[in-house]
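One structure is given below, encoded as structure tokens.
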């Protein structure tokens, strides 16, 4: 449950346990913490409003080590986010009647029945709170001209108000909806990154695909590149070595000077109140299951700050590796 090789973020906790959080190792000293930005970053991710789950969590971040007088000390930073609104009785049917589309059965088998399955346990999107908090702590580590921004691209394949209306209808139906988040990274120096497996795209893809419910990560023209000819896809180098709009932002794992465009597709949340059939291991029969927990009808809006956070952590880690920061 760790991300990074130079700045290492390790997640911990369970959805219905006492707390979730993250341990950050490798953060350089004297990085100023923007406490107001930390609060706003956590508000953007937390449940309780809009299209999000109705679970009410304040997501206050307790910084237990590694920060003194508002700056990092260079020692490990422990971030704790307490769980204050859990309803574990909603999951009394587990582990004997695993939820369709969830990890309940695989992790129960893997751990010999020891896993905490309530609310998704350690696999819950609740743990992304630690990612967002860690990325916020690292904000002042990166140069201002390195821009990392994520937006909600589509809900159920529709953009804007049409997508929101579709998601609201899915909620009323006790169902859920797929979504897409669009990420743009710009301002990186040409040559930033590493070749092959440590390249910008492989590093981002690995981290972004670990976000709960992520099902596809596309760079640049994405899957449409498979329908093109080289003469259509190749990007010209201008006289000043600039690239045209829409050009690949990374070549050979390194920044080309053009913005990096990424699209992350999320499946519909598996936790829905609409009755579904699943096997009951106690009765030995297929039985109807209606989940009572509080769930997001669509991932995109709350995944947006998580995507941004993950990208920020990956870029910071690569920047440390390449000697761009931390000296």
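FYI, it's all coordinate maths here, none of it is from the lab. These numbers come from a predicted model, not from an experiment. Cβ coordinates were reconstructed from backbone atoms using ideal geometry, including for glycine residues, and neighbour counts include every protein chain displayed.
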Mean separation of Cα contacts under 8 Å (at least 6 apart) over the residue count of the stretch 99-240, i.e. the relative contact order in percent, is 17 percent
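Between residue 34 and residue 159, 0.36 nm times their residue separation minus their Cα-Cα distance comes to what?
On the way: separation 125, 0.36 × 125 = 45.00 nm, distance 3.27 nm.
The residue 34-residue 159 span can extend by a further 41.7 nm.
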Computed, not fitted: 222 nm per-residue ellipticity of the chain from DSSP H runs ≥ 4 (each -39500 (n - 2.57)), nearest 500, equal to -7000 deg cm²/dmol
Taking Cα atoms only, helix 35-45 is inclined relative to the longest principal axis of the chain by an angle, in degrees rounded to 10, of 50 degrees
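If you take the square roots of the eigenvalues of the alpha-carbon gyration tensor of the stretch 233-282 and sort them as a ≥ b ≥ c, do you get rounded (a/c under 1.5), prolate (a/b over b/c) or oblate?
Details: a/c = 6.01, a/b = 4.29, b/c = 1.40.
Note, shape of the stretch 233-282 comes out prolate.
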Longest principal axis of the chain (C-alpha) makes with the long axis of helix 160-172 (C-alpha) an angle, in degrees to the nearest 10, of 20 degrees
The rounded separation in angstrom of the Cα centers of the stretch 285-321 and the stretch 98-151 is 6 Å
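Could you order the peptides 276-288, 297-309 from most to least packed, using the average number of other C-beta atoms within 10 Å per residue?
On the way: 276-288: 12.2, 297-309: 25.8.
Peptide ranking by packing, descending: 297-309, 276-288.
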Note on the stretch 132-235: alpha-carbon gyration tensor, axes a ≥ b ≥ c; rule is a/c under 1.5 for rounded, else prolate if a/b larger than b/c, else oblate; result oblate
The chain, Gaussian network, Cα under 10 Å: of 78, 251, 188, the residue fluctuating most is 251
Mean projected area, convex hull of alpha-carbon positions in the stretch 174-327, reported to one decimal in nm², is 13.2 nm²
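If you count, for each residue, the other Cβ atoms within 10 Å and average over each peptide, how do 220-226, 109-115 line up from highest to lowest? It would help to have the intermediate numbers written out before the result.
Numbers: 220-226: 12.9, 109-115: 11.3.
Highest to lowest by the protection proxy: 220-226, 109-115.
Packing-wise, with mean Cβ within 10 Å as the measure, how do 18-24, 133-139 rank, highest first?
Working: 18-24: 21.3, 133-139: 25.7.
Ranking the peptides 18-24, 133-139 by packing returns 133-139, 18-24.
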Two pseudo-spin positions, 7 Å from Cα along C-beta at residue 206 and at residue 110, lie apart in nanometres by 1.7 nm
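Taking square-rooted eigenvalues a ≥ b ≥ c of the alpha carbon gyration tensor, is the stretch 270-327 rounded, prolate or oblate, where a/c under 1.5 means rounded and, failing that, a/b exceeding b/c means prolate?
On the way: a/c = 6.63, a/b = 2.95, b/c = 2.25.
Here the stretch 270-327 falls in the prolate category.
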For the chain, averaging the sequence separation of alpha carbon pairs under 8 Å that lie six or more residues apart and dividing by its residue count, the contact order in percent is 23 percent
Taking Cα atoms only, helix 300-322 is inclined relative to the longest principal axis of the chain by an angle, in degrees rounded to 10, of 40 degrees
Cα-only Rg/Rh for the chain with Kirkwood Rh rounds to 0.99
